[in-house]
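The values are calculated or read from the model by the stated rules, or taken from the named source; none is laboratory data. Keep in mind the model is a prediction, meaning the values are calculated, not measured. Because the Cβ atoms are built from the backbone with ideal geometry, glycine has one as well, and the counts that use them run over all protein chains shown. Calculation scope for accessible area: heavy atoms of the full protein, side chains included, ligands and nucleic acids excluded. Shrake-Rupley method; radii C 1.70, N 1.55, O 1.52, S 1.80 Å.
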Amino acid sequence: MSIFKKLFKQTFIYGLATVLPRALAIFLVPLYVVVLGREQYGLYASIMAFLILGNVLLSYGMETAFFRFINKDISKKEVVQSTALRSLTISTLLFLTVLLFFSDSLSKLLEYKTEYVTYGLIILALDALAVLPFVWFRANEKPKKYALLKIFNVVINLGFNLFFFLVLPIWANNDTSSFWNDILLEDNNKVAYVFIANLIASGVTLLILLPLYVKIGFKFNRAIWKQMLRYAIPVLIAGIAFSINEAFDKILLKYMLDPTIADATVGVYAACYKLGVFMTLFATAFRLGIEPFFFQHAKSENAKETYAIITKYFAAFGSFILLFVVVYLDIFKRLLIPDSTFWEAISIVPIILLANLCLGLYHNLSVWYKITDRTKFGAYISVFGAIITLSLNIILIPIISYKGSAIATLAAYGSMMVLSYFLGRKHYRVPYNLKKIGFYIVLSVVFSVLSFYIFDGNILIGTALLLVFVSSIYFSEKKEIHQILKKEI
């Protein structure tokens with residue numbers, strides 16, 4: 001199997017594992033919007049932002065270190081796996097024990113109910129304990145098992161959400177003296193169901209993964225652990241900075257705006273932000289498939305040329321997704337956000353889509369510091385992006401509210417992309433086709449501006465622009481696509 005065919009297969013399966021669960025989860029967005037309302041949806045979004053940061057802290061870069069070290073020396077593969085698993089297991093259990101003890105103080109500090117903090121801590125611990133078993137599937141090229149479990153997790157989560165929000169109220173109303181009525185929460189606390197469903201799904205998933213704990217084992221090599229930590233710490237710093245870029249806008253909106261409108265503002269912003277999920281799905285699926293590929297083929301003779309081709313096609317497909325979503329945004333918003341009171345923030349969607357495209361390109365361009373063991377540069381770049389995120393949010397939120405957060409996100413990811421490219425030219429020069437990459441992105445952005453702002457979302461004109469864009473890609477890449485297909489055949 002050629003490297004391109006193998007890459008396509010793994011990206012497709014990992015993409016399925018990412019896209020299908022999130023596609024199922026998308027069904028929850030209109031449910032949450034209708035049932036929770038703006039304030040509770042905003043509360044949910046801000047707590048999830050903290051969980052994103054928590055996930056990064058609890059995995060502390062071990063996922064990337066795991067990949068690097070099992071490919072660096074195959075003879076030490078087993079001890080690397082068991083050492084990493086033991087490290088994460090002990091640190092997670094310590095984290096859960098200590099923070100549960102101080103949950104009341106933590107809830108006062110963060111201004112959330114204690115039950116929300118407790119749910120969040122347990123979810124974080126369960127997910128952290130599942131990190132390395134899932135990484136093991138990817139590292140050992142078992143994408144089907146990875147995909148099935150990821151999908152199963154979301155199906156459970158989706159099922160319990162539907163039960164709590166749709167079935168339970170009917171059963172409770174039919175028999176007011178029943179057990180179901182006792183567990184029915186008041187309208188102003190229904191967001192708790194979201195976390196309970198998540199907790200159940202994470203718990204069941206971990207139970208299924210437990211046999212892998214036995215298979216991997218808990219052998220520990222202190223020397224390897226120290227080496228892995230040295231590699232992982234810069235990745236952790238980069239992860240913290242990345243989580244700031246990804247999620248801190250919701251947190252800053254919550255604490256910087258007037259408390260009487262903060263949760264509702266976060267709610268409309270987070271709901272419209274979800275419409276950028278299509279770009280996120282594509283970029284995430286691509287990254288999951290490409291990361292093992294980059295490590296495995298780092299020593300290939302034509303590795304740099306291969307990376308350049310892959311990045312060019314990522315830019316082409318990503319630019320298409322940007323334009324496609326913008327053209328049909330009026331349809332997507334009615335399907336995913338049925339409550340029109342949330343639409344006031346719809347103007348941020350094109351900005352967020354472009355920001356996520358820049359982020360996806362950054363991940364492609366970041367191959368140079370991962371395969372040359374210069375992970376400290378990943379930390380530098382992410383910290384630089386985080387500084388931009390925090391600075392612009394602090395400056396712009398008091399002036400233009402959530403629009404400032406969207407602009408800050410684009411500025412952060414765009415600057416990270418550019419900085420990674422120029423640093424990569426110095427340390428691991430890849431012959432990227434900047435003319436074509438730039439052409440696809442600029443053309444997509446220009447057509448998006450025309451469709452969304454100039455022609456006010458006119459679908460006929462937008463569709464025509466989309467067809468012109470697709471034709472441009474086809475005629476530009478026709479010769480190379482035919483060559484790749486001919487080689488595969």
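Summary table below
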{"read-out": "Length-normalised contact order for the chain - Cα pairs under 8 Å, 6+ apart - percent", "value": "23"}
{"read-out": "Among the listed pairs Lys312/Lys479; Lys76/Lys144; Lys312/Lys333, those beyond 19 Å (Cα-Cα)", "value": "Lys76/Lys144; Lys312/Lys333"}
{"read-out": "Three-way shape label, the range 309-456, alpha-carbon gyration tensor, a/c 1.5", "value": "oblate"}
{"read-out": "Charged-residue dipole, Cβ positions (Lys, Arg, Asp, Glu), the range 364-452 about Cα centre, Debye nearest 20", "value": "340"}
{"read-out": "Assigned charges on the beta-carbon of Lys, Arg, Asp, Glu; the range 196-353 dipole about Cα centre (debye)", "value": "860"}
{"read-out": "Cβ-based charge dipole, the chain, positive-most Cα from Ile407, Gly159, Ile183", "value": "Ile407"}
{"read-out": "Sulfur and carbon atoms: percent of accessible area, the chain [1.4 Å]", "value": "67"}
{"read-out": "Residues whose placed amide H lies under 5 Å from that of Phe218, excluding near-sequence neighbours", "value": "none"}
{"read-out": "Rounded accessible area per residue of the chain, 1.4 Å, Å²", "value": "45"}
{"read-out": "Positive dipole terminus of the range 415-482, leading residue within Tyr432, Leu443, Tyr474 (C-beta point charges)", "value": "Tyr432"}
{"read-out": "Residues of type aspartates and glutamates that Lys304 reaches as a straight line, Cα spacing below 18 Å, ignoring anything fewer than 8 places off in the same chain", "value": "Glu291, Asp373, Glu480"}
{"read-out": "Cross-link partners of Lys219 among aspartates and glutamates (Cα-Cα below 12 Å; sequence separation of 8 or more within a chain)", "value": "Glu78"}
{"read-out": "At least 30 Å along the helix axis (C-alpha) and Kyte average at least -1.0, DSSP helices within the chain", "value": "3-26, 28-59, 77-101, 114-139, 191-216, 222-256, 303-327, 375-400, 402-427, 459-488"}
{"read-out": "Centroid-to-centroid separation of the range 301-337 and the range 115-130 [C-alpha atoms, Å]", "value": "33"}
{"read-out": "The chain: C-alpha gyration tensor shape, a/c 1.5 cut-off, then a/b vs b/c", "value": "oblate"}
{"read-out": "Kirkwood Rh and Cα Rg combined as Rg/Rh, the range 323-368", "value": "1.14"}
{"read-out": "Accessible-area ranking of Ile151, Ile240, largest first, probe 1.4 Å", "value": "Ile240, Ile151"}
{"read-out": "Cβ-based net charge around Pro259, under 14 Å, with every Lys or Arg adding one and every Asp or Glu removing one", "value": "-3"}
{"read-out": "Pairs beyond 27 Å (Cα-Cα), from Lys250/Lys436; Lys150/Lys436; Lys145/Lys215", "value": "Lys250/Lys436; Lys150/Lys436"}
